[in-house]
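Below: the structure, in C-alpha cells.
What follows is calculated from the coordinates using simple rules that are stated; it is not laboratory data. Just so it is clear, the structure is predicted and the values come from calculations on it, not from any experiment. Positions of Cβ are backbone-derived with ideal geometry, glycine not excepted, and every protein chain shown enters the neighbour counts.
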Amino acid sequence: MSIRWSLVIPVKTLVAAKTRLAAATGPHRTRLAVAVACDTVAAALSCPRVARVIVVTADPAAAGPLAGLGAEVVHDPDRGLNTALRTGAAHAVRVAPGDAVGALQADLPALRPAELGLALKAAAEFDQAFVPDALDVGTTFYGVLPGTPFTPRFGGESRAKHLAAGAKELAVPGIDSVRRDVDTPNDLRAAVALGLGRHTAAVVRELWPDT
Ligand SMILES: Nc1nc2c(ncn2[C@@H]2O[C@H](COP(=O)(O)OP(=O)(O)OP(=O)(O)O)[C@@H](O)[C@H]2O)c(=O)[nH]1
Ligand SMILES: C=C(OP(=O)(O)O)C(=O)O
C-alpha cells in the first residue's frame, strides 16, 4: 500500500484574491477565484493517493462550496500564507499522523487527478519535495513524509527558497496541470489550452463566450 497524503489547500479571503486578474474579470473576479479553487479541490479529492483535502480559509463564501465538494475546512488565522499552511498541516497531523502532508496551491484550474498522482508518487521518494510552477519561479506543491518537519516557504520566488532549504525539486514529465497556476490573463489562457475543470470552464464561457 503506497503512502497516502493529506493535502492542505490555502484559499485567500476573496476580496483580496486574484488581484492580477481584476482588469480582465471586473466584478466577476471572486466568482472566478471560487471556481478555480473548486476545480483544484475536486481534482485533488479524485486522486486515489489523496486521503483528505484540508482547505484553510477565513472566507465563508469559499468555505461553503469547498466543504460541499468534500474538503475539511480549517479557519485561517489570517497571518499570511505560510502560517495558513502550517495551521492546516497541524490539523492534518492530528487527524492522520501516519499520512504524508502536502501543500497545494488553490489556483490550478486544469489540475488532472492522474497528474497529481504522478507528482505525489515522486514526492513520496523524498523526505521533503516540491513542484515548481510552470515558469520555474514559484511553487505549486510542497510536501513532507511523516516525521519530517513541514516548513513551507511559499511567496514570491519560492522555487529558489525551497531549493535553498534542501527540498528535492521534482522534475516529473507529464505533470503540466500540476504546474499551471493561474495569476494573470496569460496564465488563464495557458490553463484553457490544457483543459479547464468544469467550474472554471462555466465561468470562462459566461465571461468570454468566444474562448
Ligand atoms: N488561506 C490563505 N491562503 C492564501 C493566503 N495568501 C495567499 N493564499 C493562497 O495562496 C495561493 C497563492 O496566492 P497569491 O498568488 O499570493 O495570491 P492570489 O490571490 O492567488 O493572487 P494575487 O492577488 O494576484 O496575488 C492561492 O491559492 C491563494 O488563495 C493567506 O493569507 N491565507
Ligand atoms: C505564492 C506563490 O505563488 P503565486 O505565483 O500564486 O504568487 C508561490 O509560488 O510561492
Can you pull the one-decimal nm distance between simple spin-label points at residue 4 and residue 189, each 7 Å off the Cα toward Cβ? 4.3 nm
Coordinate range along principal axes, alpha carbons of region 15-103, Å, largest first: 44, 29, 19
Which lysines does residue 161 reach when only Cα atoms under 16 Å apart count, and residues fewer than 8 places away in its own chain are ignored? none
I'd like the Kirkwood hydrodynamic radius of the chain, using the inverse of the mean 1/r over distinct C-alpha pairs, in Å. 16.8 Å
Separation of alpha-carbon centers, region 1-64 and region 164-197, rounded to whole Å: 15 Å
Aspartates and glutamates whose Cα lies under 13 Å from that of residue 18, excluding same-chain neighbours fewer than 8 positions away: 107, 181, 183, 187
Site residue 46, offset 7 angstrom along Cα→Cβ, radius 14 Å on amide nitrogen, limited to region 179-206, gives 195-202
Cα-Cα pairs above 18 Å in region 94-211: how many percent? 51 percent
Report Rg(Cα)/(2.2 N^0.38 Å) for region 72-152, keeping two decimals. 1.09
Residues other than residue 96 with Cβ under 14 Å of its Cβ, Lys/Arg counted +1 and Asp/Glu -1, net out at +2
Put one equal scatterer on each alpha carbon of region 1-45, apply the Debye formula with no solvent term, and list log10 I(q)/I(0) at q = 0.22, 0.24 1/Å to two decimals. -0.77, -0.86
Nearest-20 debye value, the chain charge dipole, Cβ charges on Lys, Arg, Asp, Glu: 180 debye
